[in-house]
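Everything below concerns the one structure shown next.
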Amino acid sequence: MKVGVVGLGTMGAGIAQVSVTGGHDTVGREVSMELAERGRATIERYLARAVEKGKLSGEKRDVALGRLTLTTEVSELAECDLVIEAIVEELGAKRELFAELDRITRPDAVLATNTSALSVTEIASATEHPERVVGMHFFNPAPVLPLVEIVRAERSSDDAVRIAYDWAERAGKQPVNCRDTPGFIVNRILIPLLNDCVRVLDEANVSAEDLDKALTNGAGWPMGPCALVDLVGIDVHVHASEALHAQLGEDRMAPPARLVRMQAEGRLGRKSGEGFYKY
Ligand SMILES: NC(=O)c1ccc[n+]([C@@H]2O[C@H](COP(=O)([O-])OP(=O)(O)OC[C@H]3O[C@@H](n4cnc5c(N)ncnc54)[C@H](O)[C@@H]3O)[C@@H](O)[C@H]2O)c1
């Protein structure tokens with residue numbers, strides 16, 4: 001299967017890695033060759049680590065990297081059987097891209113979006129063949145976390161859903177099916193829950209360390225909520241909370257004031273060197 005990945009940022013680079021290690025010739029499209037090369041460098045770094053740990057042979061790494069080609073031209077995705085979009089989270093940009101992909105790819109190619117918070121149905125409605133559009137929601141980091149939510153939009157065909165599901169499964173992922181609803185499965189549950197955790201910090205005057213200690217030891221969480229929000233990124237979590245709140249309107253979905261303050265101060269979690277913890 002020939003695969004296209006559009007956008008090689010945090011998610012796209014990881015998805016392209018899943019694709020090439022899964023045995024697929026993969027075309028990665030970015031807005032500039034510099035950004036495309038940065039995406040490739042991310043994949044090289046990840047695979048080098050896998051070789052160091054003995055999880056991948058040097059030969060397999062070379063074969064996988066050889067399957068990746070980079071481009072800035074959407075037209076180079078014309079031969080793809082599956083295109084996975086992972087560009088900025090903006091409805092207008094995604095609709096424009098899907099309309100273009102719809103024009104240049106074969107009508108039986110499946111077009112997937114990795115959107116976290118937008119409606120897959122609204123993205124699909126920018127195309128003339130919405131039946132071939134689905135959501136494929138990977139989790140960060142995509143090469144590590146097994147889950148992929150396969151999202152059926154209003155007009156997705158059974159074939160498109162099955163092709164996306166089978167592809168993810170063959171690539172070693174754990175796909176699950178769901179309908180196109182705000183937050184899909186995991187974010188619908190996890191975002192308000194993490195917001196509750198953050199509110200408890202102030203309500204019960206608990207330190208981040210103690211809250212994490214409480215949830216790991218009292219509820220069996222593999223990682224405490226403050227450590228998790230730091231890993232996800234305060235800005236990413238606030239944005240996802242705002243989107244879910246705007247769509248479903250439950251108070252607990254709105255970002256807690258503490259997180260909004262941390263975002264304004266640039267304390268974005270691991271990536272900025274400080275969030276609830278210092279890194
Ligand atoms: N970061 C996460 O934890 C996460 C998890 C699941 C899903 N998502 C979703 O994945 C998508 C990408 O998020 P990200 O965190 O990787 O963002 P990012 O900013 O790291 O990467 C986006 C990339 O897309 C590129 N881009 C923008 N417009 C483009 C276009 N028209 N064609 C090609 N490339 C283009 C940008 O140059 C950038 O490199 C978003 O829809 C986001 O909601 C993110």
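Starting from the eigenvalues of the Cα gyration tensor, five times each then square-rooted, give me the equivalent ellipsoid semi-axes of the chain, largest first, whole Å. Don't skip to the end; give the middle numbers.
Details: eigenvalues 212, 106, 55 Å².
They are 33, 23, 17 Å, listed from largest to smallest.
Around Gly135, what is the net charge, scoring Lys/Arg as +1 and Asp/Glu as -1 over all other residues with Cβ under 9 Å from its Cβ? Each step should come with its number before you reach the end.
Values: positive: Arg152; negative: Glu149, Asp180.
Its environment carries a net charge of -1.
So between Ser32 and Lys278, what do we pick up on full extension, going 0.36 nm a residue minus the alpha carbon distance? Provide the component values of the computation, followed by the final result.
Values: separation 246, 0.36 × 246 = 88.56 nm, distance 3.35 nm.
Going from the current span to full extension adds 85.2 nm.
Taking 0.36 nm per residue of separation and subtracting the Cα-Cα distance, what length does fully extending Asp202 through Arg162 add?
Working: separation 40, 0.36 × 40 = 14.40 nm, distance 4.56 nm.
Full extension of this stretch gives 9.8 nm more.
What share of the DSSP beta bridges in the range 1-117 is antiparallel, in percent to the nearest 5?
On the way: 0 of 16 bridges.
Percent antiparallel among DSSP bridges in the range 1-117 is about 0.
Calculate one ³J(HN,Hα) per residue across the range 200-206 by plugging θ = phi - 60° into the Karplus curve 6.51 cos²θ - 1.76 cosθ + 1.60, and present them in order as whole Hz with x for glycine and proline.
My calculation for the range 200-206 gives 4, 3, 7, 4, 10, 6, 10 Hz in order.
With Rg and the Kirkwood Rh both taken from Cα atoms, where does Rg over Rh land for the range 132-236?
Working: Rg = 16.8 Å, Rh = 15.5 Å.
Over the Cα atoms of the range 132-236, Rg/Rh equals 1.08.
For the range 186-278, what is the convex hull volume of its Cα atoms per residue in Å³?
On the way: hull volume 8.5 nm³, N = 93.
Value for the range 186-278: 91 Å³ per residue.
Over the chain, what relative contact order in percent results from Cα pairs under 8 Å that are six or more residues apart? Can you show the working numbers first?
Numbers: 497 pairs, mean separation 36.3, N = 279.
In percent, rounded to a whole number, it is 13.
5 Å is the cut-off here: which amide hydrogens, built 1.01 Å from N in the peptide plane, fall below it relative to Leu268, excluding neighbours closer than 5 in sequence?
Glu274
Beta carbons within 10 angstrom, averaged per residue: use that to sort the peptides 144-150, 58-64, highest first.
Details: 144-150: 17.9, 58-64: 14.0.
Order by mean packing, descending: 144-150, 58-64.
Which value, in Å², gives the accessible area per residue of the range 194-251 when a 1.4 Å probe is used on the protein heavy atoms? Walk me through the intermediate numbers first.
Working: 2920 Å² over 58 residues.
Dividing the accessible area of the range 194-251 by its residue count gives 50 Å².
First compute the accessible area of the chain with a 1.4 Å probe, then give the percent of it belonging to carbon and sulfur atoms. Display every interim value, and only then the final one.
Values: 6680 of 13400 Å².
Carbon plus sulfur share of accessible area: 50 percent.
Using 0.36 nm times the number of residues separating Ser57 and Glu79, minus their current alpha carbon distance, what extension gain do you get? Could the numbers behind the result be given before it?
On the way: separation 22, 0.36 × 22 = 7.92 nm, distance 2.98 nm.
Result for the pair: 4.9 nm of gain on full extension.
With springs only between Cα atoms under 10 Å, which of Ala168, Ala126, Ala93 fluctuates most in a Gaussian network model of the chain?
Ala93
Please check which bits of the range 216-230 a label hung off Leu248 would reach, taking the label as a point 7 Å along Cα-to-C-beta and the cut-off as backbone N under 19 Å.
Within reach of a label on Leu248, which here means backbone N under 19 Å from a point 7 Å along Cα→Cβ, the range 216-230 contributes 225, 229.
Which order, highest average first, do 81-90, 178-187, 5-14 follow once you tally other Cβ atoms within 10 Å for each residue and take the mean per peptide? The partial results should precede the final answer.
On the way: 81-90: 20.4, 178-187: 17.6, 5-14: 24.9.
The peptides rank, most packed first, as 5-14, 81-90, 178-187.
Give me, ordered by chain and number, the residues 5 or more places off Val148 or on other chains with an amide H under 5 Å from its own placed amide H.
Under 5 Å from the amide H of Val148: Gln174, Val176.
Calculate how many DSSP beta bridges within the chain are antiparallel, expressed in % of all such bridges and rounded to the nearest 5.
Details: 6 of 31 bridges.
About 20 percent, rounded to the nearest 5.
With springs only between Cα atoms under 10 Å, which of Glu34, Glu100, Glu169 fluctuates most in a Gaussian network model of the chain?
Judging by the Gaussian network model, the answer is Glu34.
Could you give P(r) for the range 45-170, binned at 5 Å from zero, as whole percent values over all Cα-Cα pairs?
2, 11, 19, 20, 19, 14, 8, 6, 2, 0
Which of Ala36, Ala164, Ala219 moves most in a GNM of the chain, Cα contacts under 10 Å?
Judging by the Gaussian network model, the answer is Ala219.
The values are calculated or read from the model by the stated rules, or taken from the named source; none is laboratory data. Just so we're clear, the structure is a prediction, and the values are computed from it rather than from any experiment. All Cβ positions, even for glycine, are placed from backbone atoms using ideal geometry, and neighbour counts span all protein chains on display. When the accessible area is computed, the model is the full protein with side chains, heavy atoms only, and any ligands, DNA or RNA have been set aside. Shrake-Rupley method; radii C 1.70, N 1.55, O 1.52, S 1.80 Å.
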